[in-house]
Amino acid sequence: MQAAKDTFFRTLQSRLATVNPARTVLVDGIERPAILVAENELYPPPKLFFNAFYIHWLGTPAVRSFSRTPAPRYELIAQVEYFVRGTASLRLPFADRGRLLTQMDQELVAILFPGHTEKFDHSVSPPAPLGSCLYWRWTPDFRTVVEGNGSVLRRLATVSVSFYLENLSN
């Protein structure tokens, strides 16, 4: 299952670098595309990045049976979260929050399409193909949360990621 998580993250990260090369964060002195996996970062986080995508893996995978294959298909739920605060230097401070949120929505849909990729084992270098694919619905379910006095808009987008689990050697 870790290969599925890593592949989803790396795919979205590389797509974001293409869709908006300027959307980056500086983590431990290294500039990288502004998409992070919450469970892979320090806890508690020393800093919350605005205008960055955070992937949270929710719950346990669900096993779904399909009649066409004897192998079970697994499903993980990825919640992609992002925050926008707006621009303080505007004549009406932070009045661009909605536009910034819409821009990030468009970027998220762009990096989720197409809704599939080849699965790799990222625990080795270079990453090794595993002979299967990940699939997800590239139109996420969006939910907006207004925080504080409305100065911060937070978006939660939910994506179901499905895959086959490779045979594990004993």
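Here are the numbers for this structure:
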item	result
Karplus (6.51, -1.76, 1.60) ³J(HN,Hα), θ = phi - 60°, over the stretch 95-111, in Hz, Gly and Pro reported as x	6, 9, 4, x, 5, 5, 5, 5, 4, 5, 4, 4, 5, 4, 4, 5, 7
Sorted by Cβ density within 10 Å, fewest first, the residues 57, 136	57, 136
Simple label model, 7 Å out from Cα along Cβ direction - residue 135 to residue 41, nm	3.2 nm
Value of [θ]222 nm, deg cm²/dmol, for the chain, DSSP H segments ≥ 4, -39500 (n - 2.57) each, nearest 500	-6500 deg cm²/dmol
Residue 77 paired with residue 28, simple spin-label distance in nm, labels 7 Å along Cα-to-beta-carbon	3.0 nm
Exposure proxy order (Cβ contacts within 10 Å, fewest to most) of 145, 19, 161	145, 19, 161
For the chain: relative contact order, % (alpha-carbon pairs under 8 angstrom, 6 or more apart)	23 percent
Chain lengthening between residue 50 and residue 143 when straightened (0.36 nm per residue, less Cα-Cα)	31.8 nm
Residue order, fewest to most surrounding Cβ atoms within 10 angstrom, among 154, 99, 15	99, 154, 15
Approximate shape of the chain as ellipsoid semi-axes (Cα gyration tensor, √5λ), whole Å, largest first	32, 17, 14
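Laboratory data are not the source of any read-out in this text; all were calculated from the coordinates shown. These numbers come from a predicted model, not from an experiment. Quick reminder, even Gly has a Cβ in these numbers, built from the backbone with ideal geometry, and neighbours come from all protein chains shown.
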